[in-house]
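Each value in this text was obtained by applying a stated rule to the coordinates, not by laboratory testing. Keep in mind the model is a prediction, meaning the values are calculated, not measured. Here the Cβ positions follow ideal geometry from the backbone for every residue, glycine too, while neighbour counts run over all protein chains shown.
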């Protein structure tokens, strides 16, 4: 036998409009209670005990895994600014570089890189260039007239890359330490840009209709057909 549901109304009304006070459907209540229980579990799992990884943490881990895989492919190739910057995205490589730095470099640059005998590696001034490849060449080959020894034989190219990746992560921290030495990063940027080779396509391409052996048309003019 089924029973007809009777609507329950509240005592008040507004302009003849009354408000129902019926019991909520079970499916709605189950959804509400389930959401409350889930939110408590979610908070404990991700934020209180940190068992799971948040979306940001998961993204960072994926970036690190992808960078490590790409770095593995780049290891046997020529060292570039890009490959050295890629290494800074792999925490294991940066940590290895930090340990080597602490073992070999603190006597001249201090433990935090703020400089002692050697320059401050955390400020915006560099003696031999702030680009990763310039730092790599400095560490590999040394600067004998400045007292900087070459580390390529002691460390090898892989460990030098790791040290450079660590030093790159310290750039711009501007820790208090030795007074600035060398040129500013802005001045180095201008100098490096002036030394950079011209990009392919900068030179004007000869016109298709130009007669063989004729000189290229001046910029902004239309070449005349040969004849």
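Key figures
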quantity	calculated
Residue of 130, 197, 180 that the Gaussian network model of the chain assigns the largest fluctuation, springs spanning Cα pairs under 10 Å	197
Packing-based exposure ordering (other Cβ within 10 Å, fewest first) of 126, 43	43, 126
Per-pair calculated FRET efficiency, R0 = 30 Å: residue 125 and residue 57 via Cβ, rounded to 0.05	0.25
Linear extension gain, residue 145 paired with residue 64, 0.36 nm per residue minus alpha-carbon span	25.3 nm
Difference of contour (0.36 nm per residue) and Cα-Cα distance, residue 13 to residue 43	6.7 nm
All-pairs alpha carbon distance profile, the stretch 78-195, 5 Å steps from 0, percent	2, 12, 22, 27, 22, 11, 3, 0
Residues residue 33 and residue 169, FRET efficiency given R0 of 35 Å [Cβ-Cβ distance, rounded to 0.05]	0.15
Relative contact order %, the chain, counting alpha carbon pairs below 8 Å whose residues are six or more apart	15 percent
Inter-label distance for residue 20 and residue 190, nm, one decimal - labels placed 7 Å from Cα along Cα-to-Cβ	7.6 nm
At 1.002 mPa s and 20 °C, Stokes D of the stretch 1-109 from Kirkwood alpha-carbon radius, µm² per second	103 µm²/s
Label-point separation in nm, residue 134 to residue 77, each point 7 Å along Cα→Cβ	2.4 nm
